[in-house]
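The values are calculated or read from the model by the stated rules, or taken from the named source; none is laboratory data. As the structure is a prediction and not an experimental result, all values here were calculated from the model. Methodologically, a virtual Cβ is constructed for each residue, glycine included, from the backbone with ideal geometry; neighbour enumeration extends over all protein chains shown. These area figures cover heavy atoms from the full protein model, side chains too; ligands, DNA and RNA do not enter into them. Shrake-Rupley method; radii C 1.70, N 1.55, O 1.52, S 1.80 Å.
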Amino acid sequence: MGADFRAFVEIIFENPENIIQSYHIDGYQFWVVAMDGGTWTEASRSQYNLHDAVARSTTQVYPKSWTAILVALDNVGMWNVRSEFWARQYLGQQFYLRVYSPVGSIRDEYPIPRNALLCGRAARRRTRPL
């Protein structure tokens, strides 16, 4: 998933199961703005606490409920959002968020090295020189 540097992203974690699930963003903080039972809808935004939200790097989602977080994308590069439940993490319940900078400076993010091993759609692309 791609996003722009210095943007805000709203992420909704929904848990239809009967176990508590936890989610973590490596090295970054986000704001938990709402938690409630049932299914999240557009109307759920009216419940958001935007005045004194709690800053965390891990949040829980209780059974049959949802949790809404806001993330300030203040660092360029790859962010990892993952489940803390090992069986789910192993099965791929995680994603990478790529935060792009319009500057393209090595001050923000180093380019991919020439000798990087590429796979999938990236295998046919050329990497930028260092």
Dividing the mean separation of Cα pairs under 8 Å (6+ apart) by the residue count of the chain yields a relative contact order in percent of 32 percent
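Taking all protein chains as present, what is the carbon and sulfur share of the accessible area of the chain, in % to the nearest whole number, probe 1.4 Å? Mind dumping the intermediate values first?
Values: 4790 of 8910 Å².
On the chain, the fraction of accessible area on carbon and sulfur atoms equals 54 percent.
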Equivalent ellipsoid semi-axes for segment 22-70, as square roots of 5 times the alpha carbon gyration tensor eigenvalues: give them largest first, rounded to whole Å.
18, 14, 7
Just from the alpha-carbon atoms, what are the Rg and Dmax of the chain in angstroms?
17.3, 50
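Which order do you get for L50, L117 if you rank them by accessible area with a 1.4 Å probe, largest at the top? All intermediate terms of the calculation are to be shown ahead of the outcome.
Numbers: L50 115, L117 170 Å².
The ranking, largest first, comes out as L117, L50.
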Averaged per residue, the 1.4 Å probe accessible area of segment 2-104, protein heavy atoms only, in Å², is roughly 58 Å²
Could you go through segment 45-52 in sequence order and give the Karplus-derived ³J(HN,Hα) for each residue, using 6.51 cos²θ - 1.76 cosθ + 1.60 with θ = phi - 60°, rounded to whole Hz, and x for Gly and Pro?
4, 5, 8, 4, 8, 9, 8, 9
Just the accessible area for F8, please: 1.4 Å probe, Å², rounded to the nearest 10?
140 Å²
Students often get this wrong: which residues of segment 1-22 have the backbone nitrogen under 14 Å from the point 7 angstrom along Cα-to-C-beta of Y100?
1-7
